[in-house]
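**Student:** Below are the structure tokens for one structure; questions will follow.
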Amino acid sequence: MKVVVIQGPNLNMLGHREQNIYGPMKLEDIHTQMKGFAEQNGVEVEFFQSNLEGEIVDRLQECMGEANGVIINPAAYTHTSIAIRDAIAAIQIPVVEVHLSNIYQREEFRHTSLIAPVCAGQISGFGPFSYHMAMVAILQIMSEMKARYEAEQAHQAQQSLQSK
């Protein structure tokens with residue numbers, strides 16, 4: 001199984017920008033922790049960061065047929081990007097939205113996520129641990145999907161045997 005982690009604008013500046021909001025941890029350190037957890041669970045993980053909306057849309061579309069789940073921190077695009085929202089809806093892969101800060105405790109314009117309604121869930125406000133929780137969530141979702149698929153296959157096989 002494969003999870004793609006997509007990071008939006010300015011997240012490449014973690015550890016340098018607004019440490020009072022985002023903390024001192026760098027993006028590379030968060031990715032190292034996520035990779036270790038993914039490896040422990042037998043999951044391949046790939047990381048992508050872009051400051052450009054169109055590149056994020058392209059990467060989401062590329063996930064079709066390639067990834068089983070997506071974790072995304074759209075950053076400022078959370079509140080503005082209908083294009084990213086539409087891409088998530090189109091790919092029909094489970095997506096978990098994640099934020100380091102609690103967007104609902106910040107400026108009013110950050111309280112609305114255009115992305116959340118097309119995601120399996122949203123995790124925010126736990127700093128770098130938000131990413132760990134998102135990884136746990138996406139692994140659980142993928143496990144449940146696999147179990148449902150296997151149960152459907154077993155049921156179809158049983159019905160096929162009964163009809164003979």
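Values in this text are rule-based calculations from the coordinates and carry no lab data. These figures come from a predicted structure and were not determined experimentally. Virtual Cβ from ideal backbone geometry, glycine too; neighbours counted across all protein chains shown.
**Student:** For residue 90 paired with residue 12, estimate the spin-label separation in nm (one decimal), with each label point 7 Å from Cα along the Cα-to-Cβ line.
**Tutor:** Here the answer is 2.4 nm between the modelled labels.
**Student:** Still on this structure, I have one more. Set the Förster distance to 22 Å, then compute FRET efficiency between residue 62 and residue 26 from the Cβ-Cβ distance, nearest 0.05.
**Tutor:** 0.30
**Student:** Could you give the distance between the Cα centres of segment 1-30 and segment 92-109, to the whole Å?
**Tutor:** Distance between centres, Cα-based: 14 Å.
**Student:** Apply the Karplus parameterisation 6.51 cos²θ - 1.76 cosθ + 1.60, with θ equal to phi minus 60°, to every residue of segment 57-67 and state each ³J(HN,Hα) to the nearest whole Hz, in sequence, with x for glycine and proline.
**Tutor:** Residue by residue, segment 57-67 yields 4, 4, 5, 4, 4, 5, 5, 4, x, 10, 10 Hz.
**Student:** Just want the ordering: 136, 5, from fewest to most Cβ atoms lying within 10 Å of their own Cβ.
**Tutor:** Taking fewest neighbouring Cβ atoms as first place, the list is 136, 5.
**Student:** With θ set to phi - 60°, apply the Karplus curve 6.51 cos²θ - 1.76 cosθ + 1.60 along segment 139-156 and write out the HN-Hα couplings as whole Hz, x wherever there is a Gly or Pro.
**Tutor:** 5, 5, 4, 5, 5, 5, 5, 4, 5, 4, 4, 5, 5, 5, 5, 5, 5, 5
**Student:** Between 12, 20, 102, find the one with the highest GNM mean-square fluctuation for the chain; connect C-alpha pairs within less than 10 Å.
**Tutor:** Highest fluctuation among the options: 20.
**Student:** Let me ask something else. Output the relative contact order of segment 2-162, whole-number percent, from Cα pairs under 8 angstrom with separation of 6+ residues.
**Tutor:** It comes to 24 percent, rounded to a whole number.
**Student:** List nothing, just return the count: lysine pairs in the chain, 8 or more apart or interchain, with Cα separation under 30 Å.
**Tutor:** Lysine pairs satisfying the spacing and distance rule in the chain number 6.
**Student:** Can you give the percent of C-alpha pairs in segment 24-119 whose distance is more than 19 Å?
**Tutor:** Roughly 45 percent, rounded to a whole number.
**Student:** Which value, in Å³ per residue, describes the convex hull spanned by the Cα atoms of segment 80-164?
**Tutor:** Each residue corresponds to 92 Å³ of Cα convex hull volume.
**Student:** Residue 104 versus residue 154, label points 7 Å from Cα toward the beta carbon: distance in nm?
**Tutor:** Output for this residue pair reads 3.8 nm.
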